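Dropping a structure here in structure tokens format, bear with me for questions.
The values are calculated or read from the model by the stated rules, or taken from the named source; none is laboratory data. Keep in mind it's a predicted model, so treat the numbers as computed, not measured. So basically every Cβ, Gly included, is an ideal-geometry build from the backbone, and we count neighbours across all protein chains shown. Heads up: the accessible areas ignore ligands, DNA and RNA and are worked out on the full protein's heavy atoms, side chains in. Shrake-Rupley method; radii C 1.70, N 1.55, O 1.52, S 1.80 Å.
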Amino acid sequence: MILTVTLNPSVDISYKLNQLEIDNVNRTSSVSKTAGGKGLNVTRVLFQANSPVIATGFKGGYLGAFIEDELNASQIKNSFYPIKEETRNCIAVLHEGNQTEILESGPYISTDELQGFIKHFEELMDEVQLVVFSGSLPAGVPVNYYSDLIKICNHKSIPVIADTSGIALTTLLERSNKPFAIKPNLDELSQILGYTVSENITEMKNALKHEMFNGIQWIFVSLGANGSIVKHADEYYKVNIPKIGVVNPVGSGDATVAGFASAYSKDKSVIEIIKTANTFGMLNAMEQQTGCINIDKFEGLYKQIKIIEV
Ligand code: ATP
């Protein structure tokens, strides 16, 4: 069983408009409301790939209940921890080929709730073989919270994939409890290193040798349409992917994480794990819905991926 952790989930609302009129009333009948957040994208993709998964995180109020109902309706196992404040909405307005977004920062998590979740998380560990942490930390959550959770996993020898950015990522890289794997994209990697990293192999290898990555088994640097560069132990791989018909690439990083988790939990080889992760990323980019793959197209893409040890 893979446990996904989404501490700041959202109800993602999408409104389609022919034209966005500023300072005026905009009406639409084209509305979609879905359970969102990076960890829930990972969850959905794992479920679609027939990998056993359970989702957790904080849920509050009606919107928290909506997320739970959505997951239950899709028969996705979940066990969210209740909080006092309301789970957030994130709104995307699709208009004239643009996407204008309004993202709520989300609920404030109290000290009692933080402690309560740790206990809840420890209980979930009993049935779990791999943990995925995705996304940002909601207000009230200390920057070292992921590290505290990783410490619990490390004690139980349960590997952790951490896909976060900014201060949450730098903090967890500074601590002694390291995740097993991280998946930064180029921007996230540049941000934590403090300079702009390019896709040049030599430069990338130097960047990934930085001491802040010591103790991390897998670093999966995703490069969008250009595939990825992967560090596993002391080996480096350049992953070349085929050209595909892209529909919506948002959430491809989350699908990549799902692919990694799925293959790793099935004891696949290093090359198979890398290929599966990239294939899932591409499969997501080929779908309209964020965090969604058509697993029937897996084989066709998988065999076109070329991996070179560099
Ligand atoms: P997000 O934050 O939206 O989840 P990300 O920036 O973390 O995305 P990307 O590097 O964009 O992740 O994509 C992850 C993987 O998905 C890539 O390594 C690649 O395999 C696949 N992918 C993404 N975009 C494309 C694309 N335009 N064409 C082909 N494959 C893509």
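So, of the residues in the range 108-133 that are β-branched (V, I, T) and part of a helix (DSSP H, G or I), which turns out to be least open to solvent (accessible area, probe 1.4 Å)?
Ranking the qualifying residues of the range 108-133, first place goes to I118.
Can you confirm whether S176 is open to solvent by 10 Å² or more (accessible area, probe 1.4 Å) and out of contact with any Phe, Trp or Tyr (no Cβ under 7 Å at 6 or more places or on another chain)?
Answer is yes for this residue.
For D254, work out the one condition from (1) open to solvent by less than 60 Å² (accessible area, probe 1.4 Å); (2) within 13 Å of the ligand (Cβ to nearest atom); (3) in contact with a strand residue (DSSP E or B) (Cβ under 6 Å, 6 or more places away or on another chain); (4) not hydroxyl-bearing (S, T, Y) it doesn't fulfil.
(3)
For the range 220-235, enumerate the residues that are more than 6 Å from the ligand (Cβ to nearest atom) and either under 20 Å from P52 (Cα atoms) or not in a helix (DSSP H, G or I) (or both).
F220, V221, I229, V230, K231, H232, A233, D234, E235
Go through the range 281-297 and give me each residue that's modelled with pLDDT of 95 or more and surrounded by fewer than 18 Cβ atoms within 10 Å (Cβ to Cβ).
Listed by number, the residues that qualify are N294, I295, D296, K297.
Right, here's the next one. Among what's in the range 22-48 and is open to solvent by 10 Å² or more (accessible area, probe 1.4 Å), within 18 Å of G106 (Cβ to Cβ) and in contact with a helix residue (DSSP H, G or I) (Cβ under 8 Å, 6 or more places away or on another chain), pick the residue that is farthest from the ligand (Cβ to nearest atom).
It comes out as K33.
Before we move on, is K77 open to solvent by 80 Å² or more (accessible area, probe 1.4 Å) and at pLDDT below 95?
Working: open to solvent by 80 Å² or more (accessible area, probe 1.4 Å): yes; at pLDDT below 95: no.
The answer is no for K77.
So G60 ticks every box in (1) in contact with a His (Cβ under 6 Å, 6 or more places away or on another chain); (2) within 22 Å of I118 (Cα to Cα) but one. Which box is left unticked?
If we test G60 against (1) in contact with a His (Cβ under 6 Å, 6 or more places away or on another chain); (2) within 22 Å of I118 (Cα to Cα), just (1) comes out false.
Now, a different point. Restricting attention to the range 298-310, report how many residues are touching a residue at least 12 places away in the same chain (Cβ under 8 Å) and open to solvent by less than 70 Å² (accessible area, probe 1.4 Å). Full working, then the answer.
First, the residues of the range 298-310 that are touching a residue at least 12 places away in the same chain (Cβ under 8 Å): 298, 301-302, 304-310.
Imposing the further condition that a residue be open to solvent by less than 70 Å² (accessible area, probe 1.4 Å) reduces the set to 298, 301-302, 305, 307, 310.
Final tally of qualifying residues: 6.
Still on this structure, I have one more. Looking only at helices (runs of 4 or more DSSP H) that lie completely in the range 236-310, which have at least 3 residues being more than 19 Å from the chain's Cα centre (by Cα)?
Once the helices (runs of 4 or more DSSP H) in the range 236-310 are filtered for at least 3 residues that are more than 19 Å from the chain's Cα centre (by Cα), what remains is 270-285, 298-302.
Let me ask another. As an exercise: evaluate S136 against (1) open to solvent by 30 Å² or more (accessible area, probe 1.4 Å); (2) at pLDDT below 95; (3) away from the ligand (no atom under 16 Å from the Cβ) and give the number of the one condition it does not meet.
Looking at each condition in turn, S136 falls short on (3).
While we're looking at this one, here's another question. Taking the range 200-211 on its own, how many of its residues are open to solvent by 40 Å² or more (accessible area, probe 1.4 Å) and out of contact with any strand residue (DSSP E or B) (no Cβ under 7 Å at 6 or more places or on another chain)?
Total meeting the criteria: 7.
A further question on this structure: So which of V11, V5, V45, V31 is closer than 25 Å to P82 by Cα and more than 14 Å from the chain's Cα centre (by Cα)?
None of the others qualify; the one that does is V11.
For residues that are of a type in the set (D, E) and either open to solvent by less than 10 Å² (accessible area, probe 1.4 Å) or in a strand (DSSP E or B) (or both), tally how many sit in the range 49-74.
Going through the range 49-74 one residue at a time, the tally reaches 0.
So, one more: Within the range 80-107, which residues are open to solvent by 40 Å² or more (accessible area, probe 1.4 Å), of a type in the set (S, T, Y) and in a loop (DSSP other than H, G, I, E, B)?
Listed by number, the list holds a single entry, S105.
Still on this model: Does I271 fit the bill of being aliphatic (A, V, I, L, M), within 23 Å of N200 (Cα to Cα) and open to solvent by 20 Å² or more (accessible area, probe 1.4 Å)?
yes
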